[in-house]
Structures are given as C-alpha cells and as structure tokens.
Amino acid sequence: MRIARLAAVSAALALATCTPAERGVVVAPSGPQFDSHVQDLVGTPDMIVDAKTLATSWVVYDHEIREGSCSLQEANLTPGQYRLLRFTVVTPNVGDADIYIGDPNRHWDPNGDGDGSDSDGLFENNACHRHYHFRNYALYQLIDGSGKITKARKNGFCMIDVKPYNDGAPPKSWVYRACGRPARPELGLPEVPGNQGISVGYADEYYKWLAGQYFVLNDPNADPVPPGEYTLRIWVNPPFTAKRTEPCPAVDPQGFCHMFKESNYANNIGQVRITIPDHPGKTGFGPGAESNPPADDIVDDENRPDK
C-alpha cells in the first residue's frame, strides 16, 4: 500500500518523465503454449508485495562472504566478515492476466548472432552468474527515522512461478519456470532457452539466503547503517525515469516508466518496521533467525529454494 511519505518521492520523480516514443515500446514476442500450462494474456497483471512474509523472514547476522562469491563482484567488496540484513521477498500477481517476458536470449540477442548490441534493454547479461538479470524489477530500501534511504545492491532478478498465492481460490497451473542462460562458447556451454513471467495467482519469491538478497550494514563503500529502528521497504515494478538509451515499456498516469504494464501501480509496496541490534548473536537477530544458515550464497535461478 502506498503511504503518505511516498508523496514526496513521487513529486520528485514527476519532474522528469520518459517518452516511450523516444526509446521504443518493448513488446514481448508471442509465447509458447503448453498442454496443461496455458498462458493467460487477456487482461492486465497486478503485482503486490507480500508484507506478511517480509515481516516474518528478516534477520540480521554476521556472515563471511568468501572468495569467488558473485556478491563480492556485484557489491565491490573484498572477502571478509560482514553484518547483513537478509529477508524474503514474495511478489504475487493478483491481476487478471499473466506477466509475460519470455526467453531472455531473444531479448538480449534478437537476431541470434551472439552479439547483444541489438538488445532491447530489458536484461543484463551477468558474466559472474552466467545468466540474465531482468532490470528494474524491484527496489529494496532501508529507511531510518530521519528519512535517509539506503538501497540494497541487488539489481538483477529472474521472474518465474515459484509458488501459488492463495487468495481464496486455487490458481491454474504454473507456466513460467525457466530463467534461461546465454551460450558460453569458451566453456563449451550451449544456450539454454528461458521462459520468464508470473502467472495469475502465482508469486515469484526471492528467498533470504539467495546471493545478493541482503543489505550490507557495514559496507566499506557506503555510509554504515547503525543500530536502531528502520523501515524495510520493497517496491515491485517501481517507477523510474529512463535514460535516452533505456527502454520504457510502460508508463503510469503520472508519466513514470515501469518495466511492465499493470492495472494498479498504487499497491506495489510492502514494508515492515525492523530493529537493527548492537549485537545480532550467533544465530542472528530477527524473526527469520536460524541455527544453521547456509555458509555460501545460493544461486538465483529456477532451482532456487523457497524455504
């Protein structure tokens, strides 16, 4: 639910708008059909953030990020011990049509020549993870009592049907469960086709132990986040002002760009009040604390766990 404090953010964003005609409106290609998994593209998607899951999953703990982790590269960190705030994000589609993105390979390299110079701009090709990252899917913010905002460094997502979202009726079968990967000739790896999207009645989920699914509270490249009370805010399909070379696939009534069209952009926020302690203890502090957290980050792909 959009809160009053966001009015200032919206007002600031309103100073600059994007013009789809300048960049070209990105239209997803027609997608595959499945015998029992049929797409529903009649209507409009509507994304929300499951605030209940957010409230019960967050945890602050001390963790060693090891050499070779993609998180080090993405956050420009060196191997070592860091204080992290982790949390699970669930983003259900409660609209009356699927979000359909399709195969990232065809967005990244439409003519199939192995050169991404003709990319439509929806995805980034992440060399470390060896798969694609969908841009601007969600924004993670940590807000202190003065209104200062710290942003998480997670910037890539793979949209798939992870779990049904129970809104009183069982959903139809899932459709989208393939992130897709580019070919890696130097490693002898072929292209892996993908099929990204979120079906009506299903939710994508980013489990708290996934790579990059955290804030680094003692990030040496940013202002430290001291102990205290904070608001953890998740914004799915957030508004943005596109640069001239960036796509603007959908525009809301205020003129802001979004990565896909929705019937309602006003319900895209989930947030919860949290406490960052002086000392998180051996098993962590918060409702999501566990006695044996995984030692290494889990890869964010279609095989990611949901608990």
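For the reader, a short list of remarks on this structure follows.
- Ignoring lysines fewer than eight residues from residue 243 along the same chain, the ones with Cα atoms less than 24 angstrom from its Cα are 151, 154, 261.
- Residue 222-residue 120 FRET efficiency (beta carbon distance; Förster radius 25 Å; 0.05 resolution): 0.20
- Taking label points 7 Å from Cα along the Cα-to-Cβ direction, residue 166 and residue 130 give a separation of 3.8 nm.
- Listed peptides 194-202, 65-73, 156-164 appear in the order 194-202, 156-164, 65-73 once ranked by packing, highest mean of other Cβ atoms within 10 Å at the front.
- For the stretch 123-213, projected area of the alpha-carbon convex hull averaged over all directions, nm²: 8.1
Read-outs throughout are calculated quantities, based only on the coordinates presented, and are distinct from any laboratory measurement. Computed from a predicted structure; not experimentally measured. Note: ideal-geometry Cβ built from the backbone for every residue, glycine included; neighbour counts use all protein chains shown.
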